[in-house]
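Remarks on the structure that follows.
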Amino acid sequence: MTLALKPLHPVFVAEASGIDLTSPLSRGDACAINAAMNEFGVLVWRGQPLTAEQQIQFSTAFGPLDIGLKRVFKRPERLGDERLIDISNLGMDGNVQKRDAPKNLSNFANQLWHSDSSFMTPRGAYSMLHALVLPSWGGETEFADLRAAYDTLDLRTREMVAGLKAEHYALHTRILLGDDAYTDEQKKAMPPAIWPLVDTHPGSGRMVLFVGVHARQIIGMSTAESRLLLSDLLEHATRRERVYVHKWQVGDLVMWDNRATVHRGRRFDLSERRELRRTTVNDTPDAMLAVA
Ligand code: OGA
Ligand code: MN
């Protein structure tokens, strides 16, 4: 079958079907998916019962897999393969953690608008998130399009942000959430990444307003002014009319382009099990997604 696309939102996001993601992808299918990603920024696949291995295999078609903060913080992980990111509220024993457990800190950080791994070089390109077990209430994931955010900036702000660069720091969201007991060594282990605030999206050639909560400072601007401007821009980017809310079903795979969108998780009942699995592809020039 061939890729079929049904738009789910006025400016981005499509439901994709017609390709079985559990089997190895042909190059033609990978190119078609890539072209759809460049256009829509987020693709929603329903009813894809992927194993961990199949998810890794599917993701690898789009570039080398990112291991994010695991590069620096060696902590015991529930999922055996370091390329799998455990988006769950479960501990090593597979049981739901207490609500104040450290594992939930990543869940809380994921509830702030962000782009995966924007604090690293290379940053994340595509992320694929697959739903295994869902709570009975809440836990949606919301997405906003950073190209639409740029397109709708007023001219004065557009002129103001042109040429600015922002520093994205791995621990910034943790520190915002009150988790600041890091040693100097840990703080330095992951130097910030610097990205233009206004950039060209490599896949579509469109302009993007590259904001998100990992950005903590604009180069050459005071911290106070930087943070106000960054929070204003993020608020603009995530106005409700530009947001798609994904209500999960078991077996969904949602795939997004971190270079063109931001996302956040929503609250859910932390005493219920929520189990998803993520893979993320690095934004490297040799990734196949560089091929138009
Ligand atoms: C992620 C993420 C949000 C959620 O997996 O990168 O931010 O809803 N997830 O779990
Ligand atoms: Mn994320």
Scanning the stretch 218-238 for residues that are in contact (Cβ under 8 Å) with a residue 12 or more places away in the chain and within 20 Å of the chain's Cα centre (by Cα), the one nearest to Val133 (Cα to Cα) turns out to be Thr238
Notebook entry, point to check: Any residue at all in the stretch 111-119 that is in contact with a His (Cβ under 8 Å, 6 or more places away or on another chain) and either more than 18 Å from Thr141 (Cβ to Cβ) or of a type in the set (Lys, Arg) (or both)?
Noted result: yes
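Quick check on Ala193: is it more than 16 Å from ligand 1 (Cβ to nearest atom), aliphatic (A, V, I, L, M) and in contact with a strand residue (DSSP E or B) (Cβ under 7 Å, 6 or more places away or on another chain)?
In short, yes.
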Here the qualifying pairs (Cβ atoms under 9 Å; residues six or more apart or on different chains; first in the stretch 133-162 and under 15 Å from Leu229 (Cα atoms) and among the small types (Gly, Ala, Ser); second within 16 Å of ligand 2 (Cβ to nearest atom) and part of a loop (DSSP other than H, G, I, E, B)) come out as Ala149/Val211; Ala149/Thr238
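Would you call Asn110 within 16 Å of ligand 2 (Cβ to nearest atom) and closer than 25 Å to Glu241 by Cα?
Values: within 16 Å of ligand 2 (Cβ to nearest atom): yes; closer than 25 Å to Glu241 by Cα: yes.
Yes: the conditions hold for Asn110.
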Okay, strands (runs of 3 or more DSSP E) sitting entirely in the stretch 233-289 with 1 or more residues that are within 23 Å of Leu79 (Cα to Cα), I get 253-257, 261-265, 275-282
Looking across the stretch 161-181 at residues that are in contact with a helix residue (DSSP H, G or I) (Cβ under 8 Å, 6 or more places away or on another chain) and farther than 20 Å from Thr121 by Cβ, the single one that is surrounded by the fewest Cβ atoms within 10 Å (Cβ to Cβ) is Asp180
query = Being more than 20 Å from Arg206 (Cβ to Cβ), modelled with pLDDT of 95 or more and among the polar types (S, T, N, Q), is that true of even one residue in the stretch 152-171?
reply = no
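Pull up the stretch 66-89, narrow it to residues that are assigned to a loop (DSSP other than H, G, I, E, B) and hydrophobic (A, V, I, L, M, F, W, C), then point me to the one that is surrounded by the most Cβ atoms within 10 Å (Cβ to Cβ).
Of the residues in the stretch 66-89, the ones assigned to a loop (DSSP other than H, G, I, E, B) are 66-67, 72-84, 89.
Within this subset, residues satisfying the condition of being hydrophobic (A, V, I, L, M, F, W, C) are 67, 72-73, 79, 84.
Numbers: Ile67: 17, Val72: 14, Phe73: 13, Leu79: 13, Leu84: 21.
Out of the qualifying residues, it is Leu84.
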Per the filter on the stretch 180-200, residues part of a loop (DSSP other than H, G, I, E, B) and of a type in the set (Asp, Glu) are Asp180
Can you find a residue in the stretch 262-271 that is at pLDDT 95 or above and of a type in the set (Asp, Glu)? yes
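The values are calculated or read from the model by the stated rules, or taken from the named source; none is laboratory data. These figures come from a predicted structure and were not determined experimentally. Here the Cβ is made from the backbone with ideal geometry for all residues, glycine too, and neighbour counts use every protein chain on show.
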